[in-house]
Amino acid sequence: MHLILFAVFAGLCLAGAINLLLQSHPINSALSLIVVMTSLAVLYLLLGAEFLAIAQVIVYAGAIMVLFTFVVMLLNAGREDRTLGSRAASRVGFPAVAVILALIATVILHTQGLGTARLSDGLSNTAGAANLEVLGSVLFTKLLLPFEVTSVLILIAILGAVALARHGDGNGERTDDE
Amino acid sequence: MTILQFFLWSLLKVAVVTVVMLLGVAYTVLLERKLVGRIQNRWGPSRVGPFGLLQPLVDGAKSFLKEDIIPSGVYRPLYLLAPILALGCTLISIAVVPFGEPGAGPGRFDLFEISDLNIGLLVILGVTSIGVYGIALAGWSSNNKYSLLGALRSSAQLVSYELALGLSLVGVVLRAGSLNLRVIVEQQATHGIATWNIFGGGQFVAFFIYLMAAYAETNRSPFDLPEAESELTGGYHTEYSSMKFAMFFMAEYGNMITVGCVATLLFLGGWTSPMGDLIGPFENGFVNAGLSLFWFVSKVFCFLCLYVWVRGTLPRFRYDQLMNFGWRWLMPLAILNIVATSLWLACRS
């Protein structure tokens with residue numbers, strides 16, 4: 001059962017990703033990205049990480065992609081002009097991508113570990129009910145520093161975006177007329 | 001219980017819940033027309049059937065039989081997808097709502113809930129947040145300025161108020177220590193109305209925030225800017241006709257019912273009696289099950305009446321007022337509520 005579901009949703013995920021690249025209309029690409037994200041959420045669910053799955057849906061598919069589509073609609077972006085790409089890109093690019101992906105996959109499969117602090121340390125052998133509590137306690141004890149640093153990072157990103165968007169003299173008045 | 005039995009029971013539950021939900025939607029429309037009629041000093045629909053009770057069925061038949069017009073300038077795939085998405089998300093989110101006492105069915109099978117999830121509350125929020133796309137895509141693909149404006153207003157409004165909505169629920173979740181809707185209800189069940197989250201639980205501020213945010217989330221008056229008739233001729237569904245329009249309509253009222261169910265579960269004690277153990281539990285299991293269903297439905301009914309009452313009373317907000325209210329008042333208030341609840345819980349333990 002798990003295997004069938006995995007095959008279906010992994011396939012859906014890949015199809016969405018390929019469709020995202022092939023579509024020439026921005027809104028179709030955005031919608032394909034939503035398909036990718038929701039099928040990723042189902043894959044998380046199959047792994048038993050239910051909170052992560054639903055957070056993926058709420059945050060990525062629900063909030064971030066709404067802003068994407070919002071911007072696409074607001075700008076009323078039309079179809080992209082499609083170039084066929086240079087010959088070098090198609091001859092070198094595709095094999096290079098394949099090689100890099102294969103390399104990453106082998107490295108992950110061989111070492112089975114990417115850092116010192118792993119979520120799986122705290123999350124292994126937990127029943128579904130304790131999932132959320134375990135995740136919370138790991139985030140606020142073992143991984144407190146990275147967690148807080150990430151929030152500061154996001155805050156800085158927001159400030160940067162505001163600073164870029166204002167492009168005035170800093171008194172709240174725009175200096176340039178558009 | 002074998003896999004086959006489980007499958008058949010689940011199929012039956014899904015069918016029954018869907019039919020009841022759609023009937024509920026139809027009669028919520030009638031309830032609204034009747035109540036708003038009384039508020040405005042007129043009768044509302046009264047011709048079809050006794051007291052106009054058959055009006056929803058006739059309206060449904062009318063929507064089916066009307067000509068389905070697809071304007072020539074629309075972007076067809078998304079134009080067709082949008083109403084399905086809107087209605088589908090509404091119907092999915094009801095799947096995690098427990099309507100009555102668990103374990104009332106044969107073999108302690110959960111008769112009153114399609115699926116019992118540890119993260120039931122989050123599933124409702126997640127599915128609702130996907131439902132935004134129905135509205136956004138409808139507005140965009142219609143190739144109409146009014147529709148686009150309605151859709152943009154709607155997306156901005158939904159994203160803004162979803163924050164306040166989510167934060168207002170945190171207090172309740174903190175008290176229950178779980179996101180499972182069943183656990184949240186059972187935690188309020190000990191002394192009837194005195195231990196409901198809205199009274200004994202001290203979550204009345206959260207209830208107020210939830211109420212405001214829910215009105216905005218369901219595009220209801222006084223926050224019905226996405227479909228403001230006087231400025232946008234109908235908003236995102238301007239270009240839709242026949243059953244496709246009816247699907248948006250059903251999605252809106254279905255969302256009202258879902259919001260009512262969530263409010264009942266989180267703040268009003270769910271399926272438990274407001275009088276605690278004064279009535280029941282009885283010997284007969286069926287009476288108990290029916291009673292719990294009765295309490296749940298009557299609470300949701302009261303909530304829907306409140307919805308209609310507000311619609312009949314308050315005028316529409318201006319757009320800047322809407323955004324100011326959401327970000328400057330509801331959000332900080334919700335965060336304060338979380339801090340206060342956490343402090344209270346920390347002091348008590």
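Can you give the FRET efficiency for residue A:59 and residue B:48, using 1/(1 + (r/R0)^6), R0 = 35 Å, r = Cβ-Cβ distance, to the nearest 0.05?
FRET efficiency, residue A:59 to residue B:48: 0.15.
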Put in order of increasing Cβ neighbours within 10 Å, starting from the fewest, A:25, A:2 give A:2, A:25
Sorted by chain and then number, the residues having a modelled amide H within less than 5 Å of the amide H of residue B:114, at least 5 places away or on another chain, are B:97
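Within 10 Å, at most 14 other Cβ atoms, and a DSSP state outside H, G, I, E, B define an exposed site. Report the longest part of chain B free of exposed trypsin sites (Lys or Arg not before Pro). Don't skip to the answer; put the middle values down first.
Working: sites that count: B:42, B:47, B:66, B:318.
Counting at most 14 other Cβ atoms within 10 Å as exposed, the longest clean stretch of chain B is B:67-317.
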Applied in sequence order to region B:158-171, the curve 6.51 cos²θ - 1.76 cosθ + 1.60 (Karplus, θ = phi - 60°) yields integer Hz couplings, x standing for Gly and Pro, of 5, 5, 5, 7, 4, 4, 4, 4, x, 5, 5, 7, 4, x
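Whole-Å semi-axes of region B:54-152's equivalent ellipsoid, largest first, each the root of 5 times a Cα gyration tensor eigenvalue?
Over the Cα atoms of region B:54-152, the semi-axes work out to 35, 20, 10 Å.
Based on the alpha-carbon set only, what is the convex hull volume of region A:1-82 divided per residue, in Å³?
Values: hull volume 5.2 nm³, N = 82.
For region A:1-82, the hull spanned by Cα atoms encloses 63 Å³ per residue.
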Rg/Rh for region B:280-349 to two decimals, with Rh computed the Kirkwood way over all alpha-carbon pairs.
1.22
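How high is the relative contact order of chain B, in percent, with contacts defined as C-alpha pairs under 8 Å that are six or more residues apart?
On the way: 512 pairs, mean separation 80.3, N = 349.
Normalised by residue count, the contact order of chain B is 23 percent.
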Quick check on chain B: what does the Kirkwood estimate of hydrodynamic radius come out to from the alpha carbon pairs, in Å?
21.3
Pairs of Cα atoms under 8 Å, at least six residues apart: use those to get the relative contact order of region B:232-338, whole percent.
23
Show me the chymotrypsin sites (Phe, Trp or Tyr not before Pro) within region B:1-65 that DSSP assigns to loop and that have at most 14 other Cβ atoms within 10 Å of their Cβ.
B:43
Tell me which lysines have Cα within less than 24 Å of residue B:145's Cα, excluding those fewer than 8 residues away on the same chain?
B:244
Calculate I(q)/I(0) for the protein assembly as shown by the Debye formula, one identical point scatterer on each C-alpha and no solvent, and give its log10 at q = 0.08, 0.09, 0.10 Å⁻¹ to two decimals.
-0.60, -0.77, -0.95
Send over the Kirkwood Rh of region B:131-259, from the inverse of the averaged 1/r over different Cα pairs, rounded to one decimal Å.
16.1
Can you divide the C-alpha Rg of region B:1-121 by 2.2 N^0.38 Å and report the result to two decimal places?
1.42
Contact order relative to length of region B:1-142, as percent, for alpha carbon pairs under 8 angstrom and 6 or more apart
24
Could you give each residue of region A:38-51 its phi-based ³J(HN,Hα) in whole Hz, using Karplus coefficients 6.51, -1.76, 1.60 with θ = phi - 60°, and x for Gly or Pro?
5, 6, 4, 4, 5, 5, 4, 4, 5, 7, x, 9, 5, 5
Between region A:151-166 and region B:303-330, what's the alpha-carbon centroid distance in Å?
31
Among B:232, A:14, rank each residue by its count of other Cβ atoms within 10 Å, from fewest to most, as a rough exposure measure.
A:14, B:232
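Run lengths n ≥ 4 of DSSP H only: what is the helix-derived mean residue ellipticity at 222 nm for chain B, with -39500 (n - 2.57) per run over all residues, to the nearest 500?
Mean residue ellipticity, 222 nm, calculated: -22000 deg cm²/dmol.
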How far is the Cα center of region B:114-184 from the Cα center of region B:1-63, in Å?
23
Treat each spin label as a single point 7 Å out from the Cα along the C-beta direction, and report the residue A:100 to residue A:133 distance in nm.
4.4
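Only the coordinates and a few stated rules stand behind these numbers; no lab work does. Just so it is clear, the model here is predicted, and its values are computed rather than measured. Please note: Cβ atoms are built from the backbone with ideal geometry, for glycine as well, and neighbour counts cover all protein chains shown.
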